[in-house]
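Presented below is the structure to which this report refers.
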Amino acid sequence: MRHRLDIQIGPVAFRIGSAWKAPLDALEHLYASYPAPEDGLADFTVRLEPERPWRRFIRPSVAIKGDYVLADAAPVSLAHGLLAAEMGMNLQMALGQKRYLLLHAATVEKDGRALIMTGESGAGKSTLAALLGERGWRLMGDEFALLDMASGRLLPFPRAVSLKNKAIAVMEAEVAANRFGPRLDGTPKGAIRHMRPNADAIARMGEGATPALILFPRFGEAEAVRGVGAAEVFMRLTQASTNYVALGREGFDALNRLIAANPALAIDYPDTDSAVGMVEDFWRARAA
Amino acid sequence: MNARLLVRALRDPASVGDCDWSGLISAARAEQIIGSLAFRMEGQPVPARIEAIFEAARRDAAYSRTQALWEAEMARRALAPLGVPVVLMKGTAFHAADYDARIGRSVGDLDIMVPRASLDAVEAALLDAGWERMKEAEGYDDVYYRRWMHELPPLIHRTRDRMIDVHHTILPLTARPTPDAEALLADSVALENGLRILAPADIIVHAAAHLFADGDLAGGLRNLWDIDRLLREFAAADPDFWGKLRARARLHQLDHDVARALRLARRLYATPLEKRGSRSFSLTDRLFEARILARNGWGQERRKLLRFAFYVRSHWLRMPPLMLARHLWTKATRKPARS
C-alpha cells in the first residue's frame with residue numbers, strides 16, 4: 001500500500017494501509033500520542049483502497065477492506081476517509097476479534113473497578129462514557145469492552161470516541177478543541193466528530209480493571225431505575241456480544257462469572273448531567 | 001512478501017524464521033487458511049502477538065468444526081426419511097471422516113451429493129425443514145442451475161443462516177468432461193451416522209475438478225493444501241492408492257486435471273507422489289502457480305490480468321461458446337438483483 005500507519009489501542013495493534021494520504025493524516029492527528037505497537041506487528045490489517053483503480057483519482061471513493069470484510073459495505077467519499085478508517089478498525093474487531101469476549105459496551109474505571117454500560121445504538125452510552133471520562137473516571141472504551149476470559153478482567157480499548165449529532169456539542173463544551181477530529185457532516189449516521197480520550201486514558205491503556213457494575217442506560221426518558229435479573233442480563237449481554245457463540249464453553253463460563261459477580265441496573269435518564277449524577281450515586285452505593 | 005511465504009510456512013513451519021508476520025497473517029486470513037496455519041505453527045517460536053492470533057484461530061477452527069458437523073446432522077435428520085444416500089463433500093467430509101485435512105480447516109457451506117433422481121424430493125424435504133431459496137424461483141439463475149449445473153440453486157437455512165449446496169455430480173453438465181455420477185455414489189463410503197463420503201480417490205478427483213475444471217482458482221492455495229493433506233494420508237493408508245486414483249481419474253475423464261493437481265501440490269507443498277510417470281512442471285503449470293500465489297502481504301489480490309484470464313477460462317470450460325455468449329449477455333444486461 002502507498003501509505004501506512006500503525007496504531008496500538010489497548011491490547012490490539014492495527015496496521016492501516018491507504019491508497020491516499022489524507023485519511024491517514026487525519027487518523028494520525030486524531031491518534032497523536034498513541035503508541036505504535038512495540039513489536040511492530042499487527043493483530044489486524046485495514047485497507048482503504050479505491051473500488052476500481054480509476055476511483056483513486058476520479059470521484060475518489062474509499063472502499064473499506066482488510067483482514068475481515070463485509071461483502072456489501074458501501075464505500076465512503078474521500079472527504080470521509082477518517083470515518084472509513086474508523087469503520088475499518090471496528091469491523092476487524094466485530095468480525096475478527098476472537099481472543100477476548102467482546103461486548104458492544106462502553107466502560108469506565110475508578111479505583112481499579114470498572115463500570116460496564118451497554119444498550120442499543122442511540123442509548124447514549126458513548127456520550128455518557130465520554131463525559132464520565134472527563135469527570136474523574138478513566139475512559140476504557142466507548143464502543144467495545146474486552147473481557148479476558150481467563151482472569152475475568154476487562155481490558156481497555158480506548159479508541160477515539162465517535163460522537164454523533166447532538167452529542168458533539170455536549171463534548172465540545174467539555175473538552176479542548178485540539179482533541180477533536182474534523183466534523184464530518186452528511187454521513188449515513190448524520191454528523192460525526194471523533195474525540196481523542198484524555199492523556200490518562202491513553203497512558204493507562206495497558207491497565208485492565210475488575211468489573212463492578214453493569215448498567216443498561218436509556219437516553220430520553222424520565223429518571224427511572226430498575227434491577228435486572230441474571231437471566232435478562234445474560235440475554236442482553238449475549239446480544240451485545242459479537243463473538244459469544246464462537247467462543248464456545250469458555251465464553252459461556254466467562255459471561256456467567258461476570259454476571260454472577262456484578263449487580264445490573266437498567267436506568268432511564270433525561271439528559272447526560274442527570275445520568276452522571278445517577279452513576280455516581282450507584283457507585284457510592286456499590287462501594288458502601 | 002507474497003503468498004509464497006504462506007506456502008512455505010504451511011509446508012515447512014520450522015523454516016519460518018524472522019519474517020513479515022503481519023503480512024503472513026493477512027495473506028492467510030485472505031486465503032481463509034489461518035486455522036490450518038495456526039495448527040502447523042503450533043510449538044514454533046513466534047512473537048507473542050502472533051502466538052495469540054494463532055491460539056484464537058485454533059479455537060475458532062474448533063467452533064467451525066462443531067458448526068459444520070451440526071449442519072451435516074441437521075441435513076441428515078431432514079433427509080433420513082427419504083432413504084436416499086447423502087454424501088458429504090469438501091470440508092464437511094474431511095471433518096466427518098476425521099481426515100488430517102480437517103485440522104484447522106474452516107467450513108463455509110454444507111456440500112452434499114445425492115442421486116439426480118432424488119433431487120426434487122431432497123429439495124422439498126430441505127424446504128420443509130427450514131431451508132429457503134436464495135434465487136428467485138423460475139428466474140434466470142434458478143432455471144440455469146436446474147438445467148445446466150451440477151447442483152441445485154443454493155438454499156439457506158432460515159434461522160441458522162447457513163447455506164447448503166445439493167450436488168448430483170461434480171461438474172456442470174455443460175463442461176466437456178462427464179464424471180460418472182453413479183460410480184461416485186456407488187463407491188461412496190458410509191459413516192457411522194448413516195451419512196456417506198466419497199471414496200478416497202474420488203475425493204481427490206472432485207478436489208481437482210473443483211479447482212481446475214470448474215473454477216477460476218479462487219481459494220486455490222487452500223484447495224491444494226487439502227489435496228496435499230489428503231494425498232499423504234490416503235497414500236500411507238493404501239499401498240494401491242495411486243493405481244486407484246489413476247483409474248478413477250480416467251473414469252471421470254479428469255486425468256489431466258488430477259495430474260495437474262498432483263504436480264502443483266508437489267511444487268507448492270512438496271507432496272510425495274508415486275515415482276512412475278509424473279511429468280515435469282510445465283510452462284502452463286507456472287501460470288497456474290502464479291495465479292494461486294497472486295496475493296500480497298496486505299491480503300490484496302495481485303496480477304489482475306492473470307486473474308481475469310483465469311476467470312474467462314473458467315467460463316470457457318464451463319460451457320460451449322455460443323451458450324457462453326448468451327449466458328454472459330443475459331448476466332450483463334439484466335438489472336442487478338440482490339439475492
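In table form, for the structure just shown:
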quantity	calculated
Prolate/oblate/rounded call for the stretch A:109-161, Cα gyration tensor, a/c under 1.5 rounded	oblate
The protein assembly as shown: antiparallel DSSP beta bridges as a percent of all, rounded to 5	70 percent
Between 0 and 90°, nearest 10: helix B:48-79 axis offset from chain B longest Cα axis	20 degrees
Most to least packed among B:306-313, B:49-56 [average Cβ atoms within 10 Å]	B:49-56, B:306-313
³J(HN,Hα), Karplus 6.51/-1.76/1.60, whole Hz, each residue of the stretch B:233-250, x for Gly, Pro	6, 5, 5, 6, 7, 9, x, 9, 4, 4, x, 4, 4, 4, 5, 5, 4, 5
Dipole of the stretch A:71-116, positive end: most advanced residue of A:GLY88, A:VAL76, A:VAL108 [Cβ charges, Cα centre]	A:VAL108
Percent of alpha-carbon pairs separated by more than 50 Å within the protein assembly as shown	18 percent
Degrees between helix A:248-261 axis and first principal axis of chain A (Cα, 0 to 90, nearest 10)	50 degrees
Cα gyration tensor category, rounded, prolate or oblate, for the stretch A:65-169 with a/c compared to 1.5	oblate
Computed [θ] at 222 nm, helices only, for the protein assembly as shown once each DSSP H run of length n ≥ 4 contributes -39500 (n - 2.57)	-13000 deg cm²/dmol
Principal axes of the stretch B:27-165: Cα extent on each, largest first, Å	55, 31, 26
Spatially proximal aspartates and glutamates relative to A:LYS21 (Cα-Cα < 16 Å; intrachain offsets below 8 disregarded)	A:ASP6, A:GLU49, A:GLU86
Partner aspartates and glutamates for B:LYS275 [C-alpha distance under 18 Å; skip if fewer than 8 residues away on the same chain]	B:ASP228, B:GLU233, B:ASP238, B:ASP240, B:ASP255
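Any read-out appearing in this document is the output of simple, stated calculations on the displayed coordinates, not a laboratory observation. Small disclaimer: the values here were computed from a predicted structure and weren't measured. Note that we place each Cβ from the backbone using ideal geometry, even for glycine, and neighbour counts take in every protein chain shown.
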